[in-house]
Amino acid sequence: MFSRRCRHGALIILVATPLVLAACGSQAPATEQPDPPSWVVGEGDRTTHASPQEREASLAVGDSSFRPASLVVHVGDGVRIENTGTGIRTFTLDGVDMAVVEPGGSKVVSINLEPGRYAFSLREDPSIAGTLVVA
């Protein structure tokens, strides 16, 4: 049998060890990262990895139109694309697929484009379209 003092010491070690390990953390070795893509889509519905200074605009897409049809943003802003329609929507920018959004879901796209005007539409119905102005 262990003495009371020995059991107390063992308890402290059992409690303290995970705390010490958590405080130390594990760091992965530094690797060189490639240049970020022009558009960065959030990992999942309603998520974004936006920086604190990033602003976020909303763009809703239903079964027949975008609201608003024209959107002005700044370089580095995020655009939350909300699908208010009944089917899956594939948001495209100048014909390039940028985000697939389930009905009732949303995705955030970070805008890292040169200032200018860009056409956006749906892959499923290109007549549902609008204009993105990057200031």
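If the condition is being open to solvent by 60 Å² or more (accessible area, probe 1.4 Å) and at pLDDT 95 or above, then region 83-96 contributes 84, 88.
Within region 97-113, the only residue that satisfies the criterion of being within 15 Å of residue 57 (Cα to Cα) and open to solvent by 40 Å² or more (accessible area, probe 1.4 Å) is 112. Considered as a group, the residues in region 114-123 that are touching a strand residue (DSSP E or B) at 6+ places or on another chain (Cβ under 6 Å) and in a loop (DSSP other than H, G, I, E, B) include one that is surrounded by the fewest Cβ atoms within 10 Å (Cβ to Cβ), and that residue is 115.
Are any of the residues in region 95-107 in contact with a Ser or Thr (Cβ under 7 Å, 6 or more places away or on another chain) and touching a residue at least 60 places away in the same chain (Cβ under 8 Å)? No. Inside region 106-135, can you point out the residues that are of a type in the set (Lys, Arg) and within 17 Å of the chain's Cα centre (by Cα)? Matches in region 106-135: 107 only.
The values are calculated or read from the model by the stated rules, or taken from the named source; none is laboratory data. What you see is a predicted model; the values in this text were computed from it and never measured. As a convention, Cβ positions derive from the backbone with ideal geometry for all residues, glycine included, and neighbour counts pool all protein chains shown. Just the protein is used for accessible areas: all its heavy atoms, side chains included, with ligands, DNA and RNA removed. Shrake-Rupley method; radii C 1.70, N 1.55, O 1.52, S 1.80 Å.
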